[in-house]
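Student: Dropping a structure here in structure tokens format, bear with me for questions.
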Amino acid sequence: MTLRYAAAACQTDLPNPLDRRQMTANTDRMLAMIDAAVAGSAPFLPVRLVVFPEFAHAAPVFQSARELMDRLAVPVPNEHTDRLREKAREHGIYIQSGSMIELDPRWPEAVFNTTCLIGPEGILYRYRKVNTWIPYELHTSPHDLVDYDEPLFPVADTPIGRLGCAICYDWLFPEALRQLTANGAEVLIRVSAYMDPWGATEPMNWWTLVNRCRALENMAYVVAANQGASLRHYPPYSWPGGSQIVDFDGRILAEASPGPGERIVVAPIDIGAVRHERSTRLGHHMLAHLRTEAYPVYARHQYPPAGHRLGAASYERNVELIRTAKATAEEGHGAHAPARR
């Protein structure tokens, strides 16, 4: 088992594919970036984990779920995950793929925003974005499928530690990362396309604030790859990059300079250190100090499980569901206050 190694966060600046054929060029470039990350760190602490951003394989550039399904969606596994698996075998590393738009015959009317952890042994998990960026994002959240029976927050136990991933907007929900940690994660991987103005610079440096908070509150490393696409590649937003690696006390170990463009940042991961801290620390041990009974908010539904029909996913439908959730929140204010003892 390798307890100390380097992780590389690789941010991309690639043209946005408009059909499945154009995805091949993006994968070509990602494979070259993996080679560069491994070669650059070889004389020092070898890279064993490489992470890519959300939308590195394909972004949801069409305005309907049907268009995404017809032009960009792919099953998992596919040719891109196969090529990443071969690269993982070549270097003996683990790769968190950029996200892709996924079809699954088990849910033929759904389209997912999906990333895969891939090692020499193959695909260890696929993570489907739970907190889609509504109202704009039209992917299906597995939360909304009443018959969904796969883990929402899978964690892989690997020779380089226990790894778990969440995508972009998921990270604005501390519950998502807390659940990954509860499932055993020691390294929290962020596959992200965080856009301006909520980017990597002040006065709204949400990127850094969130990465550091999730690291320290979960006593976990964070390896966060952000989209570095220029405005001409992924309009209507600009993409601030700033990919980071953060330790379990919230210290930034490495970060890319803010702004669009390709970057590779590398920093050490010490799984032995995080395990030691979790086992010996008494103070600031938020995992052990969690008073679950104090938070009855989680005992009631908030955002409604929407169910899913192809064609029903739309900006207007998302707005309707958000308004329903806001009304539910207003009705519930004060209704579930914990009893004093």
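The values are calculated or read from the model by the stated rules, or taken from the named source; none is laboratory data. For clarity, every value in this text was computed on a predicted model and none was experimentally measured. Every residue, glycine as well, gets a Cβ built from its backbone with ideal geometry; the counts of neighbours run over all protein chains shown. Remember, those area values only see protein heavy atoms, side chains included, never the ligands or the DNA or RNA. Shrake-Rupley method; radii C 1.70, N 1.55, O 1.52, S 1.80 Å.
Student: To the nearest 20 debye, what charge dipole does region 1-154 have about its Cα centre, counting +1 at the Cβ of each Lys and Arg and -1 at the Cβ of each Asp and Glu?
Tutor: 460
Student: Considering Cα pairs under 8 angstrom that are at least six residues apart, work out the relative contact order of region 1-58 and quote it in whole percent.
Tutor: About 59 percent, as a whole number.
Student: Between residue 205 and residue 328, what is the spin-label point distance in nm, taking each point 7 Å from the Cα along the Cα→C-beta axis?
Tutor: Taking the simple label geometry, residue 205 and residue 328 are separated by 3.6 nm.
Student: Could I have the simple spin-label model distance between residue 183 and residue 275, label points 7 Å from Cα toward Cβ, reported in nm to one decimal?
Tutor: 2.1
Student: Here's a follow-up. In the Gaussian network model of the chain, springs joining C-alpha atoms below 10 Å, which of 239, 198, 207 carries the largest mean-square fluctuation?
Tutor: 198
Student: So for each of 91-101, 276-286, 57-67, 21-31 I average, over its residues, the number of other beta carbons within 10 Å; can you give me the resulting order with the highest mean first?
Tutor: The peptides rank, most packed first, as 91-101, 57-67, 21-31, 276-286.
Student: Nothing charged except the Cβ atoms of Lys and Arg (+1) and of Asp and Glu (-1): what's the magnitude of the dipole of region 154-235 about its Cα centre? Round to the nearest 20 debye.
Tutor: Roughly 100 debye for region 154-235.
Student: While we're on this one: Using a 1.4 Å probe on the protein chains only, how many percent of the accessible area of region 191-241 belongs to carbon and sulfur?
Tutor: 66
Student: Please give the length that would be gained between residue 291 and residue 198 if that part of the chain were fully extended, namely 0.36 nm times their separation in residues minus their C-alpha to C-alpha distance (nm, one decimal).
Tutor: Value of the extension gain: 30.4 nm.
Student: So what is the 222 nm mean residue ellipticity for the chain from helices alone, if each DSSP H run of at least 4 adds -39500 (n - 2.57) and you divide by all residues, rounding to the nearest 500 deg cm²/dmol?
Tutor: So the calculated ellipticity at 222 nm is -8000 deg cm²/dmol.
Student: Given a Förster distance of 30 angstrom, what is the FRET efficiency for residue 106 paired with residue 28, based on the Cβ-Cβ distance and rounded to 0.05?
Tutor: 0.50
Student: Compute a Gaussian network model of the chain, connecting alpha carbons closer than 10 Å, and tell me which residue from 47, 223, 210 fluctuates the most.
Tutor: Greatest mean-square fluctuation among the candidates belongs to 210.
Student: Same structure, new question: Starting from the Cα coordinates of the chain, work out the convex hull volume and express it per residue in Å³.
Tutor: 141
Student: Using Cα-Cα distances under 8 Å and only pairs 6 or more residues apart, what relative contact order does the chain have, in percent?
Tutor: Value for the chain: 20 percent.
Student: Would you look at the GNM of the chain, springs on alpha carbons closer than 10 Å, and say which of 329, 176, 299 moves the most?
Tutor: The residue that fluctuates most here is 299.
Student: Then there is this: How many angstrom lie between the C-alpha centres of region 12-47 and region 70-116?
Tutor: 15
Student: Take each complete run of DSSP H in the chain, measure how far its Cα atoms stretch along the helix's own axis, and keep only those covering 27 Å or more with mean Kyte-Doolittle hydropathy at least 0.0; list them.
Tutor: Counting only whole DSSP H runs, the qualifying helices are 23-41.
Student: Now a separate question. Could you state the accessible area per residue of the chain in Å², with a 1.4 Å probe and every protein chain left in place?
Tutor: Counting only protein heavy atoms, the per-residue value for the chain is 45 Å².
Student: Another question, if that's okay. Looking at region 67-157, which trypsin sites (Lys or Arg not before Pro) are in a loop (DSSP not H, G, I, E or B) and have at most 14 other Cβ atoms within 10 Å?
Tutor: For trypsin sites (Lys or Arg not before Pro) across region 67-157 that sit outside H, G, I, E and B with at most 14 neighbouring Cβ atoms in 10 Å, the list reads 106.
Student: Another question, then. Could you work out how much longer the chain between residue 86 and residue 175 gets when fully extended? Use 0.36 nm per residue separation minus the Cα distance between them, nm to one decimal.
Tutor: This chain segment gains 28.6 nm when fully extended.
Student: Now a separate question. Which percentage, to the nearest 5, of the DSSP beta bridges contained in the chain is antiparallel?
Tutor: 60
Student: Determine how many Å³ per residue the convex hull of the Cα atoms of region 185-237 encloses.
Tutor: 69
Student: Please give me, ordered by residue number, the trypsin sites (Lys or Arg not before Pro) of region 172-265 that lie in loop per DSSP and have at most 13 other Cβ atoms within 10 Å.
Tutor: Those that pass, being in a loop and sparsely packed, are 232, 251.
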